[in-house]
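So the structure is just underneath, and the comments pick up after that.
The values are calculated or read from the model by the stated rules, or taken from the named source; none is laboratory data. It should be emphasised that the depicted structure is a prediction, and the values quoted were computed from it without experimental measurement. Cβ coordinates were reconstructed from backbone atoms using ideal geometry, including for glycine residues, and neighbour counts include every protein chain displayed. Please note that ligands, DNA and RNA were not included when accessible areas were found on the heavy atoms of the full protein model with its side chains. Shrake-Rupley method; radii C 1.70, N 1.55, O 1.52, S 1.80 Å.
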Amino acid sequence: TFGKLQIVTGVRFETTYMTNQHNQNNIQIPVASSTFRYFDFFPSIHLTYKFTDKQNLRFSVYRAINRPNYTEVIPYSDSRAGAQSGNPKLQPAYGNCVDVRYEIYPQREEVFTAGVFYKKINNAIENVVAPGSENTSFQNVAICTNYGLELVAMKYFGNFGFSANYTYTHSAVSDTWHDFVYKNSIYDTVIAINKTRPLIGQSPNLFNLSVSYHSARYGFKSSITYTMQGYNLVAKNDHYHFDSYQATYHNLGLTIEQKIGKRFFATVKVSNLLNSPISRYMKEENNTLIESAYNYQSYYFGLKFSI
């Protein structure tokens, strides 16, 4: 610590080893297996400058990792698994990250922050549709850049609490598609289209808003939460016009907890009050709708005993 400046820095070493065997529906190769072993160093430096006891400016530079999960690397290939297959050659994704964030803490459990971030990701993991089929598999993207901003606010007025956060993310991946060229309505040739696209599954806009009420006297807690996930690319197709996007999704949930006596707590949770559909469409085909799935509401009732 140097006056109002605090520096935390270091390097972390990690080794990863995983091996697996998978019984698959294949007479010639009944058992598939794969093994992964790699070593990594993760340096980081974090700077915090305290303007006052309630205001900070943070700056971070670090290297991070996103390891493939088991279903992404196990070498299965089975139509019963939804026409999806694993990729035993899948590599972990690494990110070189820079974050800057300004923080204000007016009162206990209250916070206002504004930050910007930049991430350069090597070998980002995506679920990709195989050319000429509906089968999907996991692949690495050579280079992906993400940058954006994040706003967070939490404030209390007596027994009422309000919290909100918004994240804007711009992601860019250089990619190639194929497109068919027609002359006088007759097929002529296939051309390659080189463009940048967003990372699969990365929404440009995410927003959450929660309103809560808490009464310690009556042992009562409740909250209602609204979530918005912006449109995002869910499946990249080899054909330029057939990429699949998920439309903006809205969700509203309610949670109520009531204390009964000294040790019992009754809980009620309701999700998807808006019954919002999960819709997919083809953006390059005049936003042609592919499907809409309705999940309806879900209800949870719980009784807890605290020791």
Residues of segment 101-115 being surrounded by fewer than 16 Cβ atoms within 10 Å (Cβ to Cβ), of a type outside the set (Ser, Thr, Tyr) and in contact with a Ser or Thr (Cβ under 8 Å, 6 or more places away or on another chain), in sequence order, are 104
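Looking at this structure, is residue 255 within 28 Å of residue 280 (Cβ to Cβ), open to solvent by 30 Å² or more (accessible area, probe 1.4 Å) and in contact (Cβ under 8 Å) with a residue 24 or more places away in the chain? Before you say what the answer is, go through the steps one by one.
Details: within 28 Å of residue 280 (Cβ to Cβ): no; open to solvent by 30 Å² or more (accessible area, probe 1.4 Å): yes; in contact (Cβ under 8 Å) with a residue 24 or more places away in the chain: yes.
No: the conditions fail for residue 255.
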Over segment 182-205, the set of residues over 22 Å from residue 233 (Cα atoms) and either surrounded by 10 or more Cβ atoms within 10 Å (Cβ to Cβ) or among the hydroxyl-bearing types (Ser, Thr, Tyr) (or both) is 182, 185, 187, 188, 189, 190, 191
Looking across segment 270-287 at residues that are within 19 Å of residue 251 (Cα to Cα) and in contact with an Asp or Glu (Cβ under 8 Å, 6 or more places away or on another chain), the single one that is least open to solvent (accessible area, probe 1.4 Å) is 279
- Is there a residue being touching a His at 6+ places or on another chain (Cβ under 9 Å), surrounded by 13 or more Cβ atoms within 10 Å (Cβ to Cβ), modelled with pLDDT under 90 and not basic (Lys, Arg) anywhere in segment 29-37? yes
Being open to solvent by less than 80 Å² (accessible area, probe 1.4 Å), modelled with pLDDT under 90 and out of contact with any Lys or Arg (no Cβ under 6 Å at 6 or more places or on another chain) narrows 153, 130, 172, 164 down to just 130
Whether any residue in segment 4-13 is over 25 Å from residue 127 (Cβ atoms), at pLDDT 95 or above, open to solvent by 40 Å² or more (accessible area, probe 1.4 Å) and in contact with a Lys or Arg (Cβ under 6 Å, 6 or more places away or on another chain) is what I want to check. yes
